[in-house]
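One structure below.
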Amino acid sequence: MRAFVRLLALLCTLLLAACGKPPVYQQESFVFGTSVQITIYGTSEDQAKAATASILADLDRLHARLHAWHPSDITRLNQAFAAGQSAQADPEMISILQQAKSYAERADQLFDPAIGDLVAAWGFHNDTFAPVLPDPEKLKALVAAHPTLDDLRFDGPNVSSTNPDVNIDLGGFKGFALDRAAAYLRKHHIYNALINIGGNVLALGKKGDAPWKVGLQHPRKPGAMAVITLADGESIGTSGDYERYFEVDGKRYCHLIDPRTGWPAQTMQAATVIAPASREAGAISDALTKPVFIGGLEHAVGYATRFGVKDVLIVANDGSVYLTPSMQARVEWLITPPHVYRLR
């Protein structure tokens, strides 16, 4: 799922060390089918370069393990489930699946990494998306199968499913990799950095005397609609209908599938949350945006509360913005929305 917070030009790439100021090191790559940026402040270039290389290598490794449609450890598990068999998984994979399972339960399964067959039916298991609607009867059958991660059974290193229609797709759960990257940086005594994986961003420390700032992408216009400040350890995530989508007869169909209907959710243009500092801030900021987006305005605060989140911003289908009081206090508008309402 492609979130959309982008770093602004505020992330200076000049050689500040030449001016007597601590340096900023930034490296960009392409992992998980999305853009990745790592920015480190106040560390020697050699140390920053080595740490960044290690993180990017780990992300590449995870991408290969978790790919939903190219041969991977995930597709091997899915094949076993479809055949009614169990398969072995190592502790890392089991930990990822169990964390995702816990979040899915908290989200009433509106965050549901088990609906890979539905995602594929809409054509989103491809790099490009054909403007073709799936067979409604096929969608009904996939919804009726009701696959969830609750169907998984863990027996030591063995994983099985009581439901052969479970097809795991962790594309909407890349935020856990933010937490891994942050833990690696802390372990290597790097405490001031900004990690961006496909628009989900986690902040460590500050950029000198100033906090890190990120730009919030406008869902219908190029560039940022607002600037938001992040405190140490916070993570911001967004789900929107504007990056992975296609149109048929002027109607937009995005990759955020409502598992209750089998159809893309059309409740809003974008949902953004800020997870408070914790060892799971990145994972929470990614997973939570799905029930907020799919569940709609009336349930957004309820789901956020379940995940310990107070900062929520929603861009409605008419471009109006709804935000919680705590989020309103930290947003600097670059493009003023047509209407701004308090989200309660």
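The values are calculated or read from the model by the stated rules, or taken from the named source; none is laboratory data. No experiment lies behind these values; they were computed from the predicted model shown. Cβ coordinates were reconstructed from backbone atoms using ideal geometry, including for glycine residues, and neighbour counts include every protein chain displayed. For accessibility, only protein heavy atoms count, side chains too; no ligands or nucleic acids. Shrake-Rupley method; radii C 1.70, N 1.55, O 1.52, S 1.80 Å.
Collect the residues in the range 177-205 that are in a strand (DSSP E or B) and either in contact with a helix residue (DSSP H, G or I) (Cβ under 7 Å, 6 or more places away or on another chain) or surrounded by fewer than 20 Cβ atoms within 10 Å (Cβ to Cβ) (or both), keeping them in residue-number order. Talk me through it step by step, then tell me what you get.
Restricting attention to the range 177-205, the residues satisfying the condition of being in a strand (DSSP E or B) are 193-197, 200-204.
Answer for the range 177-205, where residues must be in a strand (DSSP E or B) and either in contact with a helix residue (DSSP H, G or I) (Cβ under 7 Å, 6 or more places away or on another chain) or surrounded by fewer than 20 Cβ atoms within 10 Å (Cβ to Cβ) (or both): 193, 195, 197, 200, 202, 204.
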List every residue pair whose Cβ atoms sit under 8 Å apart, with the two residues 6 or more apart in sequence or on different chains, where the first one lies in the range 227-252 and is touching a residue at least 12 places away in the same chain (Cβ under 8 Å) and of a type in the set (Lys, Arg) and the second, anywhere, is open to solvent by 30 Å² or more (accessible area, probe 1.4 Å) and in a loop (DSSP other than H, G, I, E, B). 244/1; 244/2; 244/129; 252/266
Quick one: in the range 38-48, which of the residues that are farther than 14 Å from residue 184 by Cβ and outside any loop (DSSP other than H, G, I, E, B) is most open to solvent (accessible area, probe 1.4 Å)? 46
Failed criterion for residue 344 (all others in (1) of a type outside the set (Gly, Ala, Ser); (2) open to solvent by 80 Å² or more (accessible area, probe 1.4 Å); (3) assigned to a helix (DSSP H, G or I); (4) touching a Pro at 6+ places or on another chain (Cβ under 9 Å) hold): (3)
Residue list for the range 138-176, filter: among the β-branched types (Val, Ile, Thr), open to solvent by less than 30 Å² (accessible area, probe 1.4 Å) and touching a strand residue (DSSP E or B) at 6+ places or on another chain (Cβ under 8 Å): 159, 166
What single numbered condition from (1) crowded, with 23+ Cβ neighbours inside 10 Å; (2) in contact (Cβ under 8 Å) with a residue 24 or more places away in the chain fails to hold for residue 258? (1)
Any residue in the range 161-174 that's free of Cβ contacts under 8 Å to residues at least 40 places away in the same chain: show its pairings with residues that are open to solvent by 20 Å² or more (accessible area, probe 1.4 Å) and not small (Gly, Ala, Ser) at Cβ separation under 6 Å, as long as the two are six or more apart or on different chains. 162/151
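Here's the yes/no breakdown for (1) among the aliphatic types (A, V, I, L, M); (2) part of a helix (DSSP H, G or I); (3) touching a strand residue (DSSP E or B) at 6+ places or on another chain (Cβ under 8 Å); (4) over 24 Å from residue 213 (Cβ atoms):
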residue	(1), (2), (3), (4)
52	no, yes, yes, no
58	no, yes, no, yes
69	no, no, no, yes
80	yes, yes, yes, yes
Any idea how many residues of the range 103-152 are in a helix (DSSP H, G or I) and hydrophobic (A, V, I, L, M, F, W, C)? 12
Contact list, first residue from the range 294-311 and farther than 17 Å from residue 342 by Cβ, second anywhere and open to solvent by 40 Å² or more (accessible area, probe 1.4 Å), beta-carbon distance below 6 Å, six or more apart or interchain, is 306/106
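Could you pull out the residue among 277, 281 that is crowded, with 23+ Cβ neighbours inside 10 Å and farther than 16 Å from residue 172 by Cβ? Talk me through it step by step, then tell me what you get.
On the way: 277 fails: crowded, with 23+ Cβ neighbours inside 10 Å.
The unique qualifying residue is 281.
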